[in-house]
Amino acid sequence: MGKVVLVDGNSLLHRAFFALPPLKTSKGEPTGAVYGFLTMLFKVIKDENPDYLAVAFDVSRKTFRSDQFSAYKGHRKEAPEELVPQFALVREVLKVLNIPYIELMGYEADDIIGHLSKVFVNHGHEVKIYTADRDMLQLVEEKVAVYLTKKGITDLVKMDLAKVQENYGLKPIQLIDVKGLMGDPSDNIPGVPGIGEKTALDLIKTYGSLEEVLTHKEELKPKLKEKLTEHENLAKISKELATILREIPLEISLEDLKVKEPDYEEAAKLFTRLEFKSFLKEVEPKVKKEYQESKETVNIEIIKAEGQVVVVFNDGFYVDDGEKTSFYSLDQLVDLQEIFRGKEIITDDAKGIYRFCLEKGISFPKVNFDARIAAYVLNPADQNPGLNGLYIKYNLPVYDDLFLNIRGLFYLKKEMLAKIREQQQEKLYQEIELPLTPVLARMEFTGIQVDREALKEMSLELGEQMEALTREIYSLAGEEFNLNSPKQLGVILFEKLGLPVIKKTKTGYSTDAEVLEELFAYHEIVGKILNYRQLMKLKSTYTDGLMPLINEYTGKLHTTFNQTGTLTGRLASSEPNLQNIPVRLELGRKLRKMFIPSTGYDYIISADYSQIELRLLAHFSEEPKLIEAYQKGEDIHRKTAAEVFGVPLEEVSLEMRSHAKSVNFGIVYGISDFGLGRDLKIPREVAGKYIKNYFANYPKVREYLDGLIRTAREKGYVTTLFGRRRYIPELTAKNRTVQSFGERTAMNTPLQGTAADIIKLAMINMERELLRKGLKSRLLLSVHDELVLEVPAEEVEEVKSLVKKVMESVVELKVPLIAEVGMGKNWYEAK
C-alpha cells in the first residue's frame, strides 16, 4: 500500500522561524520561516518519496477546546511580527507546489492529522507524521510513526511504538492520561496542581489510565489522594483537552492528497520574488513554455455575455467578455474605465477591484456577482476556497492557464445563484454581503488617523510604569531577578516567600496568570507582577506593535477587513487587528486616545448597539418578561438579578447585578455551571442554582434554546434572521466534548450571526445616507456592534442624529433596538 506524509504546518513553521536567522528579501519581505520550512519539507519529500502528502494548519486560536476551557492556550504570546505574514506566504508557496494544505475552523492541525492518519491506516497505508509537537506521540501505532525535530530544522528523531515504550514505559495512547494528571504549561492545560511528570508516569504505569487512578485514589498517600479528590474535574478536563480527535467533520477525498507535480512556472515566479535562489535552480529547468500551445489546443464553449464581463484581479486585470480574454496592466487606466463602463462585472474579488479603483481614482464599476462572497453565503465553512476549488465543487473544468480558467465564472455565477435561491438566501447575498464590499473598500482606503506622538508618549509612560513596578517587586522580593523568567519568579514566590504551590510544570513551578490569580490574596507582590505583565502586553502588542504598521505616507492605520473569515458572519480585521483593542483595563481603553480625526475632520463619533444579543434573545424566544423589560427600558441585569435571587428590584445589590449580568451573557453562549462558577469564582453548585433559577423565571428562553439544538440536529445547520446558515457537523460527533461545542454553537450562532447581519446592514445604510446627503463625514471602522466615524464640526449634530436613526431602524424587532452615540476629539472620548 501507499506511503503517507502528514506535516504539522504551524509547529514546523514556528520551529523554522526560531531556528534560522531572520531572512528578508531585498524589498524587506520576511521569508526566513518559509525558507526553513521548505528546506525541511523538500528533504522529507526526497527521503520518503511519499504517495500522499498534506500539510495541516490551525485556522485560529479559537477552537472547541477554548470554548470548553477559556484559558486553553490563553497565555500564549501573539506570534512575532515578522512571522505573522509568513503563515499566508507558506500557503501561497504550497499552492504553487501543488501540495494540499488543510485547515478547519474550530479545530487544530493536530486534530486534522489525527483524523487523516486514522483514515489512511484504515485504508492500509503507512503514515509518517512530521512535527515539533510531542503531543502527536499519542497517535503512534503499528503503521504510524512520528518524526520530531530534535535540533535545528532537519535533525529528526523517529518515534515508533518501540521508541515510545522505551522512553516512557507506556503505550502512546496512555500519554493522554499522563497529560491529564501533569497538565501542559505550553498549552495552558492545568492538570492536577502539585503533580509533575514523574508522579503522573508512575501512576499511569501502575493503574493504566486516569479513570483507574481516580477510582483507586483511596489507595494513594494522603497528600496525593487530597490533590486528586480536590482537582478531579480539572484532571478530566485536562485529559479531554489533551486528546487529539480522530474523527472530525473534514470533507476531503484521499485522492485529493495524492502527490502531484508542482506548477513549475508559477513556482519559478514565486521563488524569484522571494529570492530563493537554491530552490529556483530546482524548478527552473522544469518550467514548461507551453502557453500558446495550451491556448490554441484547449477548446472551450463560447458564451455570449451581453453587458457582462468577467474580471479577475491578479497582478493586473484579466477581462473576458465571453469571446476573448484580454489582459490589462495596472497602468492601463483609460482602457479599464472604458471596459467597465456600462458593464456588469462578474468576479471573485469585488473588494479588491473597488480598492484599486479608489487608489487610482477610477469610478466604481457595477459588480453583480462575487464568487468568493457567494461561496461564503452558501457555507461560511468554505474558507476562501479559490476559483479552482469552486470549479471542482460545481463540476466545472479547471485549466492551468488563467486565460482559459476565468471564463468558468460565467457558469459559476449561474450555478451558485441557483443554489442561493434554493437556500432562500437572496436577501443575505444581494442586500447585505454584496453591497458591503464597496463600503469595506472605502473604509480600508480611508484608514484611521493615529497620533504618533501620543502613541510614543504612552509607550514611554508604560515603560516608566514598568520600571517603577520592577523596583517595587524587587523590594518586596528582597533581591533582583529576571521578572520575565518563570523559573526565577517561581523560586522567589514559592521558595523564598513561601507561597502555596498551585501547579508544577516539567521545568519547575507554574507562574501562569491562572496561578497568580489564585495567589493574589496571599502577598502584595502578586498583584504587582500581574500588573507588570498587563503593561508589558500593552506596550509590546499595541504602543510599540502598532507603530511600524502606520502608513508612512498617510500617517494612518489601514486595516484589512475580512468579510469571509468567520463562521458567524462577523467581520474580522487584520494588519492590524483593530477589533481586538483591550477594553477591560482602563489603560487598554486609553489606547483609543491615539485614534483621532484626520485633517479636515474635527470629531470621532462612536455608535454602539446596546445589548443587541440579549435583545435578539428576547425577540427570538418571545419571553414575555424580557420583552416587557426592554419595552419599558428597564435595566435588564437588575431585572434578571431580581428574578434569579428572588428579591424585589430595589433590593438588588451591585454584586447581585454583576452576577446576573454574567448569567445573562453566559446563557447566550450556552455557559455551564462549571464555566459560570469559574468566571464568578463561586462554587459550581451555586452557579448551577443561578442558571436553574434563570430558566425557571424565563421558561421561553429554555424552550427556544432547546428548539435550536433540536432543529440543528434535524437539519444539520442553524440560521440567522436573514437566512445566514452555519452547518454544525459537531452535533453528530461521537466525542461528547465535540457534541457540547456543537450545542453551544447552535444556541449562539443565530444570535451572534443576526447581530453581525444587523451591523452590516447599518454600515450599508449609513454609507448610502452619507453619500445621498452629500455629507463629508465618513465611516472608519466597524468593531463588533459599534460603528466609528470621523465628522467635521458643522456636521456633528446631523450625523449623531442620522447614525442613531439608521442603526435603530435597520430591522423591526419585538423589542426596540437602541444605539448609544458618543463623540469626542478621539475614539476614547467618543466611547
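A few comments on the model shown:
Here is a yes/no grid of residues against (1) over 30 Å from THR640 (Cβ atoms); (2) among the hydrophobic types (A, V, I, L, M, F, W, C):
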| position | (1), (2) |
| --- | --- |
| LEU530 | yes, yes |
| GLN534 | yes, no |
| TYR542 | yes, no |
| SER621 | no, no |
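- Residue-level check: of (1) under 22 Å from the mean Cα position of the chain (by Cα); (2) of a type in the set (D, E, K, R); (3) surrounded by fewer than 18 Cβ atoms within 10 Å (Cβ to Cβ), ARG570 misses just (3).
- Of all residues in segment 113-133, none satisfies being out of contact with any strand residue (DSSP E or B) (no Cβ under 7 Å at 6 or more places or on another chain), under 16 Å from ARG15 (Cβ atoms) and either of a type in the set (D, E, K, R) or assigned by TED's automatic domain parsing to the domain that holds LYS179 (or both).
- Any chance ILE502 is at pLDDT below 90, surrounded by 16 or more Cβ atoms within 10 Å (Cβ to Cβ) and either more than 23 Å from LYS681 (Cβ to Cβ) or out of contact with any Leu (no Cβ under 6 Å at 6 or more places or on another chain) (or both): yes
- Filtered residues of segment 123-156 (kept if of a type outside the set (Asp, Glu), part of a strand (DSSP E or B) and either under 18 Å from LEU245 (Cα atoms) or in contact with a Phe, Trp or Tyr (Cβ under 7 Å, 6 or more places away or on another chain) (or both)): VAL127, LYS128, ILE129, TYR130, THR131, VAL144, ALA145, VAL146, TYR147, LEU156
- Within segment 649-694, tally of residues that are under 18 Å from GLU634 (Cα atoms) and either touching a Lys or Arg at 6+ places or on another chain (Cβ under 9 Å) or not assigned by TED's automatic domain parsing to the domain that holds GLN739 (or both): 6
- Output for segment 508-526, where each listed residue is assigned to a loop (DSSP other than H, G, I, E, B) and either surrounded by 15 or more Cβ atoms within 10 Å (Cβ to Cβ) or in contact (Cβ under 8 Å) with a residue 60 or more places away in the chain (or both): SER510, THR511, ASP512, HIS523
- Scanning segment 813-831 for residues that are surrounded by fewer than 19 Cβ atoms within 10 Å (Cβ to Cβ) and under 12 Å from ASP608 (Cβ atoms) gives ILE818, GLU820, VAL821, GLY822, LYS831.
- When residues of segment 303-356 are limited to those that are assigned to a strand (DSSP E or B) and aromatic (Phe, Trp, Tyr), the one nearest to PRO435 (Cα to Cα): PHE313
- Subset of segment 200-219 [more than 36 Å from the chain's Cα centre (by Cα) and among the hydroxyl-bearing types (Ser, Thr, Tyr)]: THR206, TYR207, THR215
- Restricting attention to segment 282-311, the residues that are modelled with pLDDT of 75 or more and either surrounded by 16 or more Cβ atoms within 10 Å (Cβ to Cβ) or not assigned by TED's automatic domain parsing to the domain that holds PRO365 (or both) total 6.
- Picking from residues in segment 439-482 that are touching a strand residue (DSSP E or B) at 6+ places or on another chain (Cβ under 8 Å) and not aliphatic (A, V, I, L, M), the one that is surrounded by the most Cβ atoms within 10 Å (Cβ to Cβ) is GLN449.
- First in segment 559-583 and free of Cβ contacts under 8 Å to residues at least 12 places away in the same chain, second anywhere and part of a strand (DSSP E or B), Cβ under 6 Å, 6 or more apart: ALA572/ASN562
- Single condition ASN482 does not satisfy, out of (1) of a type outside the set (A, V, I, L, M, F, W, C); (2) over 30 Å from LEU530 (Cα atoms); (3) part of a loop (DSSP other than H, G, I, E, B): (2)
- The set of residues in segment 779-802 being among the polar types (S, T, N, Q) and assigned to a helix (DSSP H, G or I) consists of SER801 alone.
- Close pairs (6 angstrom Cβ cut-off, 6 or more residues apart or separate chains): touching a residue at least 40 places away in the same chain (Cβ under 8 Å) in segment 701-715, aromatic (Phe, Trp, Tyr) and part of a helix (DSSP H, G or I) anywhere: TYR704/PHE620
- Residue match in segment 13-29 (condition: within 22 Å of ARG134 (Cα to Cα) and at pLDDT 90 or above): yes
- Residues satisfying the stated conditions in segment 240-281, i.e. outside the structural domain of GLU108 (by TED's automatic domain parsing), of a type in the set (Gly, Ala, Ser) and surrounded by 17 or more Cβ atoms within 10 Å (Cβ to Cβ): ALA267, ALA268
- Of all residues in segment 84-135, those being surrounded by 24 or more Cβ atoms within 10 Å (Cβ to Cβ) and on the phi > 0 side of the Ramachandran plot number 1.
- Residue within segment 584-594 that is crowded, with 21+ Cβ neighbours inside 10 Å and touching a strand residue (DSSP E or B) at 6+ places or on another chain (Cβ under 7 Å) present: yes
- From LYS805, LYS776, residue being assigned to a loop (DSSP other than H, G, I, E, B) and surrounded by fewer than 20 Cβ atoms within 10 Å (Cβ to Cβ): LYS776
- If you go through segment 187-239 and pick out every residue that is outside any helix (DSSP H, G or I) and either in the same structural domain as GLU514 (by TED's automatic domain parsing) or without any contact (Cβ under 8 Å) to a residue 24 or more places away in the chain (or both), you end up with 3.
- Complete set of residues in segment 520-541 that are modelled with pLDDT under 85 and over 18 Å from LYS456 (Cα atoms): PHE520, ALA521
- All positions within segment 730-766 that are among the charged types (D, E, K, R) and either touching an Asp or Glu at 6+ places or on another chain (Cβ under 7 Å) or not in a helix (DSSP H, G or I) (or both): LYS734, ARG744
- In segment 357-386, the residues that are among the basic types (Lys, Arg) form Cβ pairs under 8 Å with partners that are surrounded by fewer than 16 Cβ atoms within 10 Å (Cβ to Cβ) and part of a strand (DSSP E or B), at six or more places apart or across chains, as follows: LYS366/GLU344.
The values are calculated or read from the model by the stated rules, or taken from the named source; none is laboratory data. What you see is a predicted model; the values in this text were computed from it and never measured. All Cβ positions, even for glycine, are placed from backbone atoms using ideal geometry, and neighbour counts span all protein chains on display.
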